[in-house]
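Report on the structure given below.
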Amino acid sequence: MTVRTAPEPVVVDELITETADRLLGELCMHEAVQAAEDSGGAPDIWDAFCETGFDLIAVPEESGGSGGTLAEAIEVLRLVGYHSAPIPAAENGILGGWLLAEAGLERPDGLVTVVPPRPAEGGWSGGGVCSVNLNGDGTAALTGEAHRVPWARSAEVIVCVCACDGQATVVAVPASECEITPLPNMAGEPRDTVCFDGVTGRAAPAPDGVEAEALAQRGALSRVALMAGAIEKMCQLTVSYTNERVQFGRPVARFQAVQQHLVWAAQDAALVRMATEVAAREATRGDAPFEIAAAKLVANQAAARATKACHQAHGAMGMTQEYPLHHFSRRLWSWRKEYGSDAHWSAVLGNMATGAGADGLYPLITSGTSALAGGRRQPM
C-alpha cells in the first residue's frame with residue numbers, strides 16, 4: 001500500500017492582499033487611469049507600487065527582489081487587474097525579474113520587460129524570433145524584430161530567451177540602444193515594436209526549466225491573474241449600476257433578462273478566480289502546464305462572455321469614456337489575446353489529453369500535471 005503525503009499548503013499573506021488593495025484603490029482613480037492611456041504610462045502609480053516592493057515579489061532577495069512566493073505575486077497581479085492599474089507589474093517581476101534571477105544576471109535599477117516567445121503554431125499575439133551571437137565574454141549581440149512588447153518604451157532593459165547552439169540563452173539588452181516604435185493595445189497600454197540590430201547586451205545560459213515554454217506559461221499565468229481581477233471588478237460595477245438604474249419604476253436589476261446577464265457574469269468571475277488560485281498554487285509547488293493551460297483557456301472564454309453580459313446590462317452607459325467599465329472590458333479583450341489564444345491553449349490541452357491515453361485521461365483531469373508522465377520537475 002502506497003501512502004501519499006499531502007503537499008504543503010500554499011498560503012498568501014493577508015497583509016499583502018490588504019496593502020495592495022488599499023494602495024491601488026487610492027491611486028487608480030478613473031482620471032488617473034484615463035490619463036495614463038493618453039500618456040502611455042503612470043509613473044506616479046508605478047513609483048508608489050515599487051516603493052512597497054510589490055513589483056518584485058517572488059524574485060529572490062539575493063537577486064535584488066522582495067522574496068515571497070509565486071502565489072503571492074499572482075495575488076498582487078489579480079489586484080492590479082481589479083483596479084485596472086496601468087503599470088507593468090507582470091513584466092518587471094515574475095517574467096523579466098525571474099529570467100534575470102534564474103540566469104544569474106544583474107538586475108538594473110529601472111524597469112525590466114520581456115519579449116514574449118512566439119511558438120511555431122498560430123494563436124499567439126506578439127513576440128518574435130531573434131538570433132543571438134555570443135561574444136565569449138558574457139555578452140552577446142541580438143538581432144531580430146519583436147512585436148507587441150509590453151512597456152518597451154518605458155523599460156531600461158529588454159530581456160529575451162533565445163536558442164543558441166541548442167542551448168536556451170537569456171539575453172538582456174539596453175532598451176536605449178534598440179529601435180522602438182510605440183504602439184498601444186486596445187486598452188491604450190504600450191505594446192511596442194522593437195528592432196534589435198546587433199544590439200549588445202549581457203547573456204548567460206538558461207538553467208534547466210528556464211526556456212521559452214516556461215516563459216510562455218508564466219506569461220499566460222500572469223494574464224489569467226490580471227483577467228481574474230478585471231472580470232471581478234467589472235461584475236461588481238454591473239451589479240451596482242443595475243441596482244441604481246431605475247426604469248419603469250424599479251431597478252433594472254429586478255428584470256429577469258438583466259438578472260440573467262448578472263448571473264452569467266458572476267459565474268464567469270468565480271470560475272476564473274478559482275482557476276487562477278489553482279494554477280498559482282500548483283505553479284508555486286512545481287511545474288503546472290496543465291493547470292496553467294486550462295486556466296488561460298477558461299479565462300479567455302470567460303472574458304468574452306462576461307464583457308458581453310456586462311455591457312448588455314449597462315446599455316449605452318457602458319460605452320462612454322466617463323464611465324469606468326471600458327477600462328476593464330478593453331483590457332480583457334487585449335489580455336485574452338496575449339500569451340496564447342483559445343485555439344492555442346485548446347491545442348495544448350488536447351495534446352496533453354491524447355498523450356495521456358484513455359487510461360490516463362481521468363487522472364489528468366482530477367490530478368492535473370502530477371498525472372503526466374515524468375511528473376513535476378521544479379518550482380516555477
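Any residue at all in the range 287-299 that's of a type in the set (A, V, I, L, M, F, W, C), touching a residue at least 40 places away in the same chain (Cβ under 8 Å), in a loop (DSSP other than H, G, I, E, B) and crowded, with 20+ Cβ neighbours inside 10 Å? The answer is yes, given that some residue of the range 287-299 is of a type in the set (A, V, I, L, M, F, W, C), touching a residue at least 40 places away in the same chain (Cβ under 8 Å), in a loop (DSSP other than H, G, I, E, B) and crowded, with 20+ Cβ neighbours inside 10 Å. Give me the pairs, please: first residue somewhere in the range 333-349 and farther than 19 Å from G188 by Cβ, second residue anywhere and surrounded by fewer than 22 Cβ atoms within 10 Å (Cβ to Cβ) and not hydrophobic (A, V, I, L, M, F, W, C), beta-carbon distance under 6 Å, and either six or more positions apart or on two chains. If the second residue must be surrounded by fewer than 22 Cβ atoms within 10 Å (Cβ to Cβ) and not hydrophobic (A, V, I, L, M, F, W, C), the pairs left are S341/G123; A343/G123; H344/G123.
Taking the range 155-191 as the range and being more than 17 Å from the chain's Cα centre (by Cα), buried (at least 22 other Cβ atoms within 10 Å of the Cβ) and within 14 Å of G41 (Cα to Cα) as the test, only A155 passes. Condition first: in contact with an Asp or Glu (Cβ under 9 Å, 6 or more places away or on another chain) and not in a helix (DSSP H, G or I). Now tell me which residues in the range 79-93 satisfy that. Correct list: H83, P86, I87, P88.
Scanning the range 237-263 for residues that are loosely packed, with under 15 Cβ neighbours inside 10 Å and either closer than 30 Å to A89 by Cα or polar (S, T, N, Q) (or both) turns up S240, N243, Q247, Q256, Q259, Q260. Annotation note: of G127, G96, the sole residue that is closer than 22 Å to G340 by Cβ, modelled with pLDDT of 95 or more and open to solvent by less than 10 Å² (accessible area, probe 1.4 Å) is G96.
Cβ-Cβ contacts under 6 Å between residues 6 or more apart (or on different chains), taken from a first residue in the range 81-103 that is free of Cβ contacts under 8 Å to residues at least 60 places away in the same chain to a second residue that is charged (D, E, K, R) and part of a helix (DSSP H, G or I), are listed as N92/D55; G93/D55. Confirm whether E121 is in contact with a Leu (Cβ under 9 Å, 6 or more places away or on another chain) and either at pLDDT 95 or above or open to solvent by 20 Å² or more (accessible area, probe 1.4 Å) (or both). Spelling it out, it is not the case that E121 is in contact with a Leu (Cβ under 9 Å, 6 or more places away or on another chain) and either at pLDDT 95 or above or open to solvent by 20 Å² or more (accessible area, probe 1.4 Å) (or both). Checking Y323, Y362 one by one, the residue that is assigned to a helix (DSSP H, G or I), modelled with pLDDT of 90 or more and of a type in the set (F, W, Y) is Y362 and no other.
Filtering the range 99-109 to residues that are open to solvent by 20 Å² or more (accessible area, probe 1.4 Å), out of contact with any strand residue (DSSP E or B) (no Cβ under 6 Å at 6 or more places or on another chain) and not acidic (D, E) leaves A101, R107.
The values are calculated or read from the model by the stated rules, or taken from the named source; none is laboratory data. Since we're looking at a predicted model, the values are computed, not measured. Counting neighbours? That spans all protein chains shown, and the Cβs are built from the backbone with ideal geometry, glycine included. When the accessible area is computed, the model is the full protein with side chains, heavy atoms only, and any ligands, DNA or RNA have been set aside. Shrake-Rupley method; radii C 1.70, N 1.55, O 1.52, S 1.80 Å.
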